[in-house]
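The values are calculated or read from the model by the stated rules, or taken from the named source; none is laboratory data. Predicted, not measured: the structure shown is a model, and the values here were computed from it. In this analysis, Cβ positions are derived from the backbone assuming ideal geometry, glycine residues included, and neighbour counts consider all displayed protein chains. Please note that ligands, DNA and RNA were not included when accessible areas were found on the heavy atoms of the full protein model with its side chains. Shrake-Rupley method; radii C 1.70, N 1.55, O 1.52, S 1.80 Å.
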Amino acid sequence: MRVFLTILFFSIVLAAQQAGTPPSSPSPAAPGAQQNNAKAKQLIDQAIQALGGQAYLNVQDMTQQGRTYSFHRNEATSAGVLFWRFVKFPDKERVEMTKQRDVAYGYNGHRGYETTFKGTAALDPTLLDDFLRRRAHSVDWVLRRWINEPGVALFYDGPAVAADKPADQVSILNTKNDGVTLYFDSITHLPIKRTFIWRDPTDNLRNTEEEIYDGYRPTQGIMTPYSITRFYNGEMSNQRFLNTVTYNNNLNESMFEAKTTYDPNVVPPRKK
């Protein structure tokens, strides 16, 4: 449906230009495209209301505590790791891991760092790119930022099945030709799946990243998923189960600031 409407739209624009009339002239296809856009916007608005409406949109920060599991070829690589996650919207995040909370990852704007027993170092560029990519395509960014950008296109792709639930599929395309597809539960209207595709600049291969959201609970007036499962090219790569979530804790800016104390790419001099 989306591909058909897009092709039809550009065909009409080309025909109008050749005829010397502006593209905005009435055409038989315009109502269909407008109805499709209106349906997509309606589903997005319903999702925002289901998440909490203005309470969801006005969240300033979020604190989570739970356990995270990594996977390789759909099999867990460990018994899980405790984590504490702090988010200050729009672009600050800190994750503390292990029972001792002695490993931390921080993100401030487009900068990232890692803290271990060795000290604090700039985050590996590949890991930082992975994080920034996921953040830019997250449900929060799409619903709070993407849909308000000039020139963004909304497409209703029709009914679908996501996470074994009936869903409505909506695709969002920005002016950079970057897209995200969201799946909304047909009954609750909550987001239950997000997917996007990107090309690796090193080999130009397409990669598909997906997240499944489940275990929604009302938390301070906001419907919050307490189970998040991530997939990479069809294989499970990470799963998080949340124990507690709180919002608007007035997190201090200093939590997300750090000074590097060593360079992991430089071998320290031997002690004499």
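Structure summary
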| read-out | value |
| --- | --- |
| Sequence-separation-based contact order of the chain, relative, with Cα cut under 8 Å and 6+ spacing, percent | 20 |
| Long-range HN-HN contacts of ALA162 with modeled amide H, under 5 Å | ALA167 |
| With Cα atoms, 0 to 90° folded angle of helix 125-136 axis to the chain main axis | 40 |
| Accessible area (Å², per residue) of the range 46-151, counting only protein heavy atoms and a probe of 1.4 Å | 51 |
| Spin-label model distance (nm) - THR244 vs HIS110, 7 Å beyond Cα toward Cβ | 3.6 |
| Those lysines that a straight Cα-Cα span of less than 24 Å connects to LYS165, excepting residues fewer than 8 apart in one chain | LYS39, LYS41, LYS193 |
| Positive-end residue of THR126, VAL95, TYR156, charge dipole of the range 54-157 with Cβ unit charges | VAL95 |
| Apportionment of accessible area to carbon and sulfur, the range 165-235, percent (1.4 Å) | 50 |
| Listed peptides 117-129, 210-222 by packing density, highest first (mean Cβ within 10 Å) | 210-222, 117-129 |
| Rounded FRET efficiency, nearest 0.05, which uses the C-beta distance separating ASP164 from ALA55 and R0 of 22 Å | 0.15 |
| Those lysines that a straight Cα-Cα span of less than 30 Å connects to LYS259, excepting residues fewer than 8 apart in one chain | LYS88, LYS92, LYS99, LYS118, LYS271, LYS272 |
| Residue-averaged [θ]222 nm for the chain, counting only DSSP H segments that reach four residues, each worth -39500 (n - 2.57) | -7000 deg cm²/dmol |
| Label assignment, volume of the Cα convex hull per residue in Å³ derived from the structure, set (1) 178; (2) 140; (3) 158 | (1) |
| Cα gyration tensor shape for the range 99-228, rounded if a/c is under 1.5, else prolate or oblate | oblate |
